[in-house]
Amino acid sequence: MNALLDRDAPEESWLLERCAAQIAREAGTRGLVFVPGARTGGLPADELAALLLQIRQASADALLVVGTPTPNVESLPRFERLAGAAGWEHCQLWCDAHGRFALHVLEPMRTADGA
């Protein structure tokens, strides 16, 4: 148990903490933005897409980590489509052993000219 996390911290926080070292290596010197599952869980698809777009516009080169509840086969393609429409590329998926929530790691899509 990490002393930085409260014993009553949400399980999603424990998963993020375990994944943080790898995610930080991926981020390098870029920023890292985290949106918890509690924020995304009840959002309709259009509101989630708008949130992802808003973050993309404000965070040009950051890695984005988005928590979502209940990962399943149907939700990944849907999430990837929403992320792609907002200018993000899905690069990693982390989930707990019981399939209760997931962390999606997204990076900004690059255009043909590399921007």
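The values are calculated or read from the model by the stated rules, or taken from the named source; none is laboratory data. Predicted model only: the values in this text are computed from it and were never measured. A quick note on method: Cβ atoms are made from the backbone with ideal geometry, for glycine too, and the neighbour counts reach across all protein chains shown. Please note that ligands, DNA and RNA were not included when accessible areas were found on the heavy atoms of the full protein model with its side chains. Shrake-Rupley method; radii C 1.70, N 1.55, O 1.52, S 1.80 Å.
How many residues are touching a strand residue (DSSP E or B) at 6+ places or on another chain (Cβ under 8 Å) and either among the aromatic types (Phe, Trp, Tyr) or open to solvent by 40 Å² or more (accessible area, probe 1.4 Å) (or both) when one looks only at segment 74-89?
Final tally of qualifying residues: 5.
Please go through segment 38-54 and pick out each residue that is within 12 Å of Gly67 (Cα to Cα) and among the charged types (D, E, K, R).
Within segment 38-54, just Arg39 meets the criteria.
Working only within segment 47-69, note down all residues that are at pLDDT below 85 and closer than 12 Å to Phe79 by Cβ.
Passing the criteria: Gly67, Thr68, Pro69.
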